[in-house]
1. Run the Debye formula on the Cα coordinates of region 81-128, all scatterers equal and no solvent, and tell me log10 I(q)/I(0) at q = 0.25, 0.29 1/Å.
2. May I ask you to compute the full-extension gain from Asp191 to Ile238, defined as 0.36 nm times their residue separation minus their alpha-carbon distance, rounded to one decimal in nm?
3. Please identify the chymotrypsin sites (Phe, Trp or Tyr not before Pro) of region 183-289 that satisfy two criteria: DSSP loop assignment and at most 14 other Cβ atoms within 10 Å. Which are they?
4. So for Val279, Val220, fewest C-beta neighbours within 10 Å to most, what's the order?
5. Give the span of region 157-197's Cα atoms along each principal axis, as three whole-Å numbers ordered largest to smallest.
6. In Å and on Cα atoms, what radius of gyration and Dmax does the chain show?
7. Using label points projected 7 Å from each Cα along Cα→Cβ, tell me how many nm separate Ala172 and Lys154, to one decimal.
8. Please give the calculated 222 nm ellipticity per residue for the chain, where each DSSP H segment of at least 4 residues contributes -39500 (n - 2.57) and the sum is spread over every residue; nearest 500 deg cm²/dmol?
Amino acid sequence: MKQKNQELKEITIKSDFVKLDIRDPEVLKKFRNAFLGVTPFSEECIIKNIDDIQLRLNKNTQEMFATAKGAIIVINKALGYIIEYDLQHFSMSPGKRYFYGKAFFQGLNEKELSDEVLTLRENAYYGSVTHFLRSVYNNTNEIEGFEIRSIERKINTEKQRALARLNTLDQAQKRSFLINKTMNLFGDSSDYIRKLLFERDYLPDVLSPNLVKAEAIKGVNEKGETIFKSPDTLLAVIHNKPLLPVMRRFVNRSGAFKLLITSGIRFVPNKEIVLNAKVNVISNGLGLDGFFSFAYGISTMLPENYEP
């Protein structure tokens with residue numbers, strides 16, 4: 001979905017960070033979209049203890065961080081779960097997000113599950129990052145429609161130069177320059193610099209023509225556990241099978257998502273990603289870009305014992 005570049009409401013200023021008011025509609029929308037995902041089920045999710053969540057914005061990088069006083073409680077009416085999510089890390093910036101934690105599930109009404117709820121759970125699973133990770137563990141990713149390719153990613157150096165010029169201004173000048181499109185602090189280059197500041201950090205990805213086999217991105221650690229690893233810090237995952245109807249209709253309505261069926265996986269240095277047949281959460285060793293980042297989140301998360 002097209003993201004709006006809006007200044008978020010600030011409460012207090014300290015160092016390079018500002019505290020954000022999660023009750024501000026624009027702030028809450030940004031957090032919900034990143035945490036729950038933008039999915040057919042996210043509107044059916046209620047965060048019960050929203051006031052327990054604290055948000056901070058890095059004024060220089062525009063990266064947002066979240067912490068919580070306790071477990072974040074989410075009621076997912078669409079999939080029939082109450083989720084208590086122990087958030088251990090959350091950060092997001094334009095075009096990407098990275099968060100991890102532990103989820104504890106309780107059924108809303110497990111004794112009387114409707115066919116509709118069971119169908120929606122299947123829609124949430126197929127094509128998801130959980131589906132992908134399980135397919136890698138089972139060496140079935142190609143059969144299940146997941147292509148894995150290496151990525152060559154280059155930094156948007158023009159944006160980096162624009163940021164460097166912006167950082168020569170004080171905070172008041174920065175805000176004025178970003179908001180007031182008639183302010184020409186950098187002369188004739190002002191409009192171009194302003195445009196660059198809202199571009200992505202990286203140039204469009206260049207994908208390798210060669211497929212990466214699941215066997216090539218798995219190993220065993222000292223405990224004998226299967227781990228997800230790669231000599232490349234970036235991998236692309238392309239889902240080439242149709243999504244199930246509910247997800248497919250949602251993607252088709254959200255025109256921008258047609259370009260995001262390709263997902264990016266970023267390996268975090270010195271972090272180990274353990275795989276098993278019941279994997280259902282994102283390890284703290286993975287960052288997600290593209291389709292996985294935008295279209296999936298807590299609103300599509302299923303418990304470890306879920307089997308489609």
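1. Calculated log10 I(q)/I(0) at the listed q: -0.99, -1.04.
2. That pair, Asp191 and Ile238, stretches by 13.4 nm at full extension.
3. Phe198
4. Val220, Val279
5. Per principal axis, max minus min of the Cα coordinates gives 24, 19, 14 Å.
6. For the chain, the Cα radius of gyration and maximum Cα-Cα distance read 20.4, 67 Å.
7. 4.1
8. Numbers: 8 runs with 73 residues, N = 308.
Roughly -6500 deg cm²/dmol at 222 nm, from the helical runs in the chain.
Bear in mind that the values in this text are calculations on the coordinates, not laboratory data. Since this is a predicted model, take the numbers as computed values, not measurements. Note: ideal-geometry Cβ built from the backbone for every residue, glycine included; neighbour counts use all protein chains shown.
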